[in-house]
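Asker: A single structure is presented below for examination.
What follows is calculated from the coordinates using simple rules that are stated; it is not laboratory data. The shown structure was predicted, so the numbers you read here are calculated from the model rather than taken from an experiment. Here the Cβ positions follow ideal geometry from the backbone for every residue, glycine too, while neighbour counts run over all protein chains shown.
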Amino acid sequence: MENKKCQYEDFKINVKLMLSSFWASVMFLYIYGDYFELYVPEKVTGLLNGQNILNTPYKLLLATVVLTLPSLMIFLSLTLKSKWNRVLNISIGIFLTLFTLLVGVSSFTEWRIFYVMLSFLESVITSIIVWKAWHWPKSNYSD
């Protein structure tokens, strides 16, 4: 009797699809963090009274620009040519890894420990994005 090993079918995922899915995961983690923060005591009251970190139009614009980057990268990772795709994934990935680590380190309070966990996960995923983009497979043709 032969000993047959079961092998599951698998296929190679295109690097653009992989990067796009990592960015989508980062976006969901950002959204979860912002949503869960609404449960922190006095957060909603502070939002209603204008007593929050984003208390000027320019701070709100800056936060919007930073948090828009991952959602744009979902699309750009699928559509840009590989050279620019790689450069943007590496540079924005490094920036957001450092940014989310800073957010995590500055969130060590009892009610924001969830931010620490989310920041850690976001930093891991954006580090993987940098790694995958840095090691982008080479081909014999240019696109």
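Asker: Taking θ = phi - 60°, what integer Hz values does the Karplus form 6.51 cos²θ - 1.76 cosθ + 1.60 yield along segment 87-92, in sequence order, with x for Gly and Pro?
Answerer: 4, 5, 4, 5, 5, 5
Asker: Further question: Residue by residue through segment 95-106, what is 3J(HN,Hα) from phi via Karplus (6.51 cos²θ - 1.76 cosθ + 1.60, θ = phi - 60°)? Round to whole Hz and write x for glycine and proline.
Answerer: Each residue of segment 95-106 in turn: 4, 6, 4, 5, 4, 6, 5, 4, 4, x, 5, 7 Hz.
Asker: Using unit Cβ charges (K, R positive; D, E negative) and no other charged atoms, how large, in debye to the nearest 20, is the dipole of segment 1-141 about its Cα centre? Don't skip to the answer; put the middle values down first.
Answerer: Values: 12 positive and 8 negative charges, 145 e Å.
It comes to approximately 700 debye.
Asker: Shifting gears a bit: Provide, in order from the shortest bin, the percent of all Cα-Cα pairs of the chain in each 10 Å bin, continuing until the bin that contains the maximum pair distance.
Answerer: Spelled out per bin, shortest first, that is 11, 33, 27, 16, 8, 3, 1, 0.
Asker: Between SER21 and LEU62, with labels modelled 7 Å along Cα→Cβ, what's the label distance in nm to one decimal, could you check?
Answerer: 3.6 nm
Asker: Rounded to whole Hz and in sequence order, give me ³J(HN,Hα) for segment 26-42 from the Karplus expression 6.51 cos²θ - 1.76 cosθ + 1.60, θ = phi - 60°, writing x for Gly and Pro.
Answerer: For segment 26-42, the Karplus-derived couplings read 4, 4, 4, 5, 4, 5, 4, x, 5, 5, 5, 5, 4, 8, 5, x, 6 Hz, x marking Gly and Pro.
Asker: So, one more: Could you tell me the distance between the Cα centroids of segment 94-111 and segment 59-78, to the nearest Å?
Answerer: Cα centres, segment 94-111 to segment 59-78: 17 Å.
Asker: Sorted from fewest to most neighbouring beta carbons within 10 Å, what does the list GLU37, GLU110 look like? Write out the running numbers ahead of the final one.
Answerer: Numbers: GLU37 17, GLU110 6.
Starting with the residue having the fewest Cβ neighbours, the order is GLU110, GLU37.
Asker: A follow-up question, please. Which one of VAL65, VAL15, VAL87 has the biggest mean-square fluctuation once the chain is modelled by GNM with Cα springs under 10 Å?
Answerer: VAL65
Asker: In nm, to one decimal, how far is the modelled label at ASN55 from the one at TRP131, with both set 7 Å along Cα→Cβ?
Answerer: So the label points at ASN55 and TRP131 sit 4.1 nm apart.
Asker: Starting with the highest mean, order 28-35, 129-136, 47-54 by the number of other Cβ atoms within 10 Å, averaged over the residues of each peptide.
Answerer: Values: 28-35: 14.5, 129-136: 17.1, 47-54: 10.9.
Per-residue Cβ counts within 10 Å, averaged per peptide and sorted highest first, yield 129-136, 28-35, 47-54.
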